[in-house]
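One structure below.
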Amino acid sequence: MDYPYLLVAATAPLCWLGCIALYRLFFHPLAKIPGPWLPAVTSLYSTYYDCFYQGGGQYPQKLKQLHAEHGPIIRPVPSEVHISDPEFLDAIYAMRDRNSCSAGGLMVDQSVGLTEDYALHRLRRDALNPYFSAKAVMDLQPILTSKADMLAAILSQHAESKEPLNLSDAFFAFSNDILRSFSFGSDNGLLSELPEAHRQREDLASLLMGVPLQSHFKTPMRFLGGSMTLLQGEPALPAALREMLAFRARARQDIEAVLADKANDRKGSGRSLFYELRDSSLPPHEKTVSRLQDEATLLVMAGTESPAKTLTIASFYMLSLPEVTRKLRGELAEARKQASGSKTSLNSLLVLPYLGAIIHEANRLSFGVTGRMRRYSPTQTLTYTASYGPYKDTTYTLPPGTQMNTVTYCTHTNEALFPDPWRFDPERWLGQSEEVNTRKRCMMAFGKGHRKCLGISLANAAMCLALTALAMYDMELFETDESDVKFKYDNQISQPKRDSKGVRASVRGRLE
Ligand code: HEM
């Protein structure tokens, strides 16, 4: 072959990439958005922070740093804007459509949480809504209180045995048993088998560690999962991918068991979510095994991991800040007095301000979903005027289709909203002042807008009962410090340092 052809063949791709870079920098509709040039040119910038820099999961922290330098609006990837301004949060999350979220790595494409199309999302969400309402959660009270009683029994056993208790395992078991009873009519009895809860919690943690890689390299990872399993069997796969496949396989078994259980033998006495979906008027293509497998995988994962994490964080600070526990005990004692000595009802716990404030603060520092929850409007043009930074008062036009988001990390550590943001301070949620109302408006732990968390009422009820049980025990932390709970990695949800063993405590005894 002639030399010039070789040269053309070698340089053509480079010229093509150069043209794309020039377009993105100077002619793209978002070309005027401030920020460094590299993320405006290539999404490899975010890949680096998400997957590789300091072990990956570092993009939220980097975005916060970029905002400090460039102001409230930047381009985290070429096709997107990231706006760190509490005043603009509602404008972003009021938007109807959304881009496929950053949880693509969870391999649950057919679940409600990953559904991009507005009408299909509505169909799926409407089918689930009735089982997640505040009233439906009240009907679950017998399950919830029996699991909270089991949690208390575990604390009593550890007070007697003097063995340190891994509270993170106990909360994982508590949330998982509730979620599985609610979903499938029966649970796996993890509260009676804490070593198994420990194993499953660690497995889920390593599965989540693989989410950034699976999100950025979705197709190769899926291909790897398929081909290596066929060629060499599952042990050859990377641990996180293996865990993901195992998690999905368990969800499939659960769904197949529900579909096969025509006589409702395993259903339990109450309503069970997947039995209800099976018998619902959803069209047949929405009730296939693979569709329901995705739904079950997401629900079990989200419904176990997120409340367990918030409880873990709350328990750590309750044990390290005695004043917090003292105030909570005072509030609970008063509620019991009002109930004339009988057990305080779930309804009355749900309105206790200090208990609610502890949950809010633990949710804030759990950060809910830490990935970029993008929204866009296919028709609407938005404008945004920078409220601080080097381009203050400059107005930017965001054309239809512009993907926008604010990561929870930036809002929940915003010093103007939450002074001294890493301090656990339930007081910041008390009262009705304008500041408190603004904080509540900017709370993103459960997401915002029409895609916000379905499980809020269930999670709140379960967390109120668990923390009430916890407050009845005198305990101290065992070989645990703040680094065991503090946000370090964004793996779609926040994770602390890799070698955290969770929150462990020595239980001295039950109060009263
Ligand atoms: C403290 C506990 C929880 C936290 C912090 C939390 C957080 C979140 C967040 C931030 C989202 C929005 C994600 C997005 O916009 O892409 C979400 C969605 C969702 N959550 Fe939760 N969650 C919690 C508990 C639960 C529970 C207990 C369940 C189920 C039983 C659940 C089921 C869901 C579902 C199904 C969605 C998708 C909703 C949709 O896209 O329409 N969550 N959650």
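Quickly work out the His450-to-Ala119 label distance, labels modelled 7 Å from Cα along the C-beta direction, and quote it in nm with one decimal.
1.3
For labels at Asp499 and Asn264 in the simple 7 Å Cα→Cβ model, what's the distance in nm?
5.3
Run the numbers for Glu256 and Lys337: contour at 0.36 nm per residue of separation, minus the present Cα-Cα distance, in nm.
Here the answer is 24.4 nm.
Tell me, Lys218, Lys392, Lys309 in order of fewest to most beta-carbon neighbours within 10 Å?
Result, fewest neighbours first: Lys392, Lys218, Lys309.
By how many degrees, between 0 and 90 and to the nearest 10, does the Cα long axis of helix 289-320 differ from the longest principal axis of the chain?
70
Mind listing which trypsin sites (Lys or Arg not before Pro) in the range 173-206 are in a DSSP loop and have 12 or fewer other Cβ atoms within 10 Å?
Details: sites: Arg180, Arg199, Arg201; in loops: none.
Within the range 173-206, no trypsin sites (Lys or Arg not before Pro) qualify (loop, at most 12 other Cβ atoms within 10 Å).
Report the FRET efficiency, 1/(1 + (r/R0)^6), for Ala10 and Thr385, where r is their Cβ-Cβ distance and R0 is 51 Å, rounded to 0.05.
Computed FRET efficiency for Ala10 and Thr385 comes out at 0.65.
Taking the Kirkwood radius as the inverse of the mean 1/r across Cα pairs, report the Rg/Rh of the range 78-510.
On the way: Rg = 21.9 Å, Rh = 22.8 Å.
Here Rg/Rh amounts to 0.96.
Calculated from DSSP H runs of 4 or more alone, at -39500 (n - 2.57) each and per residue, what is the 222 nm mean residue ellipticity of the chain, nearest 500? Please report the intermediate quantities before stating the final value.
Working: 21 runs with 265 residues, N = 512.
Here the helix-only value at 222 nm equals -16500 deg cm²/dmol.
Just in the range 86-172: which GluC sites (Glu not before Pro) are loop by DSSP and have at most 13 other Cβ atoms within 10 Å?
Glu116
Where does each of Glu482, Glu243, Glu286 land when they are ranked from fewest to most other beta-carbon atoms within 10 angstrom?
Going from sparsest to densest Cβ surroundings: Glu482, Glu286, Glu243.
Can you give the FRET efficiency for Ala21 and Asn437, using 1/(1 + (r/R0)^6), R0 = 41 Å, r = Cβ-Cβ distance, to the nearest 0.05?
0.35
Per 0.36 nm of contour for each residue apart, how much would the distance between Val351 and Glu512 grow if the chain were fully extended, relative to their Cα-Cα spacing?
The span from Val351 to Glu512 would gain 55.6 nm if fully extended.
For a 25 Å ceiling on Cα separation, which of these pairs sit above it: Lys309/Lys452; Lys309/Lys440; Lys135/Lys327; Lys452/Lys501; Lys147/Lys267; Lys147/Lys486? Could the numbers behind the result be given before it?
Numbers: Lys309/Lys452 18 Å; Lys309/Lys440 20 Å; Lys135/Lys327 29 Å; Lys452/Lys501 30 Å; Lys147/Lys267 18 Å; Lys147/Lys486 27 Å.
Correct reply: Lys135/Lys327; Lys452/Lys501; Lys147/Lys486.
Each reported figure results from applying straightforward, stated rules to the coordinates on display, with no laboratory input. The structure displayed is predicted, hence computed values, not measured ones. No Cβ is skipped: glycine too gets one built from the backbone with ideal geometry, and neighbour counts run over all protein chains shown.
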